[in-house]
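Okay, so here's the structure we're looking at.
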Amino acid sequence: MKVTVQPSRLGGTLLVPASKSVMQRACAAALLAKGDTLLGNPGTSADDEAALAVIAAMGATVRKQEDHILIGSSGLQIERPLTVDCGESGLSIRMFTPIAACSSQPVTMTGKGSLVNRPMDFFDKVLPSLGVVVCTTEGKLPIGIQGPLRPGNLRIDGSLSSQFLTGLLFAYAAAGAQDVSIYVEGLVSKPYIDLTLSVMRSFGLSCPENKNYQEFYFNPATVAGGNDNSPRTFWVEADWSSASFLLVAGVLAGPLHLRGLDLGSCQSDRAILRALDAAEVAYAVEAKGIVVHPATPRAFYFDATECPDLFPPLVALAAYAKGETILVGANRLLHKESNRAQTLMQEFAKMGVAILHDEDRLIVKGTGSVQGAAVAACGDHRIAMALAVAALAASGSTEISGAEAIKKSYPSFFADLSSLGASVSLPNFN
């Protein structure tokens, strides 16, 4: 699907959509915490739908209402051999695989798209030590598992993704872990673990003690003894990852007023505000949201190791800054929906923006201007959005092929841009 974006001026107010990082964790927690859960402000992305389908396959009931979702659960219920499809969601496959391993039934975890090429040999190395039989396909999907998982002291490498640890924390809670620790070396994206622990607490799940992100200890004196099955309500907060593209759009073509963001959120992409500060652009935090004003960004330095999803919007921002912008943490971009460093270099080059990949850094050689061009999303939702944002202030129109990739995280992205005044062709994505 192709979308054409013309140079545009934006204005108005927008409620930022729900966070898929929070939504998917809430789905896992609602499955494991017995009783009924009302999810307010639920997400509607493809990854959110995948998580809902997974928990339904594992025993939960899911009823969608107009503005909320009702989830009923008696805990993990897998009573026969099962195949679970996680769609293209990296978080879902890494989070629900250890949870499914708590069952004694054989389970096959599958996915589609770019997910089938992502490395999953972590499970080959770790789950057998917990009593789980594991069979991957040369370290990739599909993954066959059969438990039950028996929590024990465990040492893992956290340098590839924090999502594997998230899955183990949920699984240990589901399996009733006590007086055991998960030791982690080189953990990346620590804020996402803060988010996991926050959601676990909100649902009354047994939550470990976080000892400087190096040890997660399930203390028998403090772990929860199970919830009382009483109904609970959980509000899915707005998404800082989606907001990062909108904030950059406001800088390039605004002003914009964004509502719904929690400044105290555990989401790692809240760091976009620090990046805007580094670029010396103007925004104002007000009682009802954040207002971002149009400005010419300065070349800047930013370490995105803990928030790698910020690379695409920050490349769009840096393209309009004269001079070299240095973004650190590029090694985190290899196993995304695309090889994101390579894709950013390739597609922004078509728009006249040179980007160098130097070890763990991307160096954006901004000239202060961007050319409209025919570009491709390459199956990556964040690439599609970054190209669209950059196109708002480009010289000439930009045609983005594969633009339907946005459905993975932000299905209404182009419609929202259009509502704010952007000149965007809007094909039917259904």
How about segment 72-95: which of its residues are under 22 Å from G152 (Cβ atoms) and either in contact with a Ser or Thr (Cβ under 9 Å, 6 or more places away or on another chain) or in the same structural domain as K407 (by TED's automatic domain parsing) (or both)? L76, I78, R94, M95
Got at least one residue in segment 195-213 being touching a residue at least 12 places away in the same chain (Cβ under 8 Å), farther than 30 Å from Q178 by Cβ and of a type outside the set (D, E, K, R)? no
Scan segment 25-41 and tell me whether some residue there is more than 24 Å from G204 (Cβ to Cβ), modelled with pLDDT of 95 or more and not in a loop (DSSP other than H, G, I, E, B). no
Checked V315, V375 against criteria (closer than 15 Å to P297 by Cα, surrounded by 24 or more Cβ atoms within 10 Å (Cβ to Cβ) and touching a residue at least 24 places away in the same chain (Cβ under 8 Å)); the one match is V315
How many of the residues making up segment 388-402 are in a helix (DSSP H, G or I) and either closer than 12 Å to F414 by Cα or not assigned by TED's automatic domain parsing to the domain that holds G250 (or both)? 2
Just a yes or no: is a residue in segment 260-278 crowded, with 21+ Cβ neighbours inside 10 Å and more than 25 Å from S89 (Cβ to Cβ)? yes
Among the residues of segment 76-99, which ones are over 17 Å from S45 (Cβ atoms) and assigned to a loop (DSSP other than H, G, I, E, B)? L76, Q77, I78, E79, R80, P81
Assess whether Q342 counts as being out of contact with any strand residue (DSSP E or B) (no Cβ under 8 Å at 6 or more places or on another chain) and either outside any loop (DSSP other than H, G, I, E, B) or not assigned by TED's automatic domain parsing to the domain that holds E88 (or both). no
Quick count over segment 133-161, residues being over 15 Å from E215 (Cβ atoms), of a type outside the set (D, E, K, R) and either free of Cβ contacts under 8 Å to residues at least 60 places away in the same chain or assigned to a strand (DSSP E or B) (or both), is 16
Which residue pairs have Cβ atoms under 8 Å apart, sit 6 or more places apart or on different chains, and have a first residue in segment 339-355 that is farther than 23 Å from V116 by Cβ and a second that is among the basic types (K, R)? V353/K365; A354/K365; I355/K365
Please state which of the following conditions G11 fails to meet, knowing it meets all the rest: (1) assigned to a helix (DSSP H, G or I); (2) in the same structural domain as A415 (by TED's automatic domain parsing). (1)
Could you list, in sequence order, the residues of segment 251-287 that are in contact with a Lys or Arg (Cβ under 7 Å, 6 or more places away or on another chain), aliphatic (A, V, I, L, M) and either outside the structural domain of G329 (by TED's automatic domain parsing) or assigned to a loop (DSSP other than H, G, I, E, B) (or both)? A279
Taking the options G113, G87, name whichever one is touching a residue at least 24 places away in the same chain (Cβ under 8 Å) and over 22 Å from L39 (Cβ atoms). G113
Here are S159, S230, S198: which of them is surrounded by fewer than 19 Cβ atoms within 10 Å (Cβ to Cβ), small (G, A, S) and not assigned by TED's automatic domain parsing to the domain that holds P106? S230
Within segment 162-191, which residues are under 20 Å from L334 (Cβ atoms), surrounded by fewer than 24 Cβ atoms within 10 Å (Cβ to Cβ) and hydroxyl-bearing (S, T, Y)? S189
Collect the residues in segment 96-149 that are touching an Asp or Glu at 6+ places or on another chain (Cβ under 6 Å), modelled with pLDDT of 95 or more and crowded, with 19+ Cβ neighbours inside 10 Å, keeping them in residue-number order. V134
Report yes if some residue within segment 288-308 is touching a residue at least 12 places away in the same chain (Cβ under 8 Å), of a type in the set (A, V, I, L, M), outside the structural domain of G87 (by TED's automatic domain parsing) and closer than 24 Å to P411 by Cβ; otherwise report no. yes
Condition check for F245: more than 30 Å from H68 (Cα to Cα), buried (at least 18 other Cβ atoms within 10 Å of the Cβ) and of a type outside the set (A, V, I, L, M): no
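The values are calculated or read from the model by the stated rules, or taken from the named source; none is laboratory data. Note that this is a predicted model, so its numbers are computed, not measured. Glycine gets a Cβ as well: all are built from the backbone with ideal geometry, and neighbour counts include every protein chain shown.
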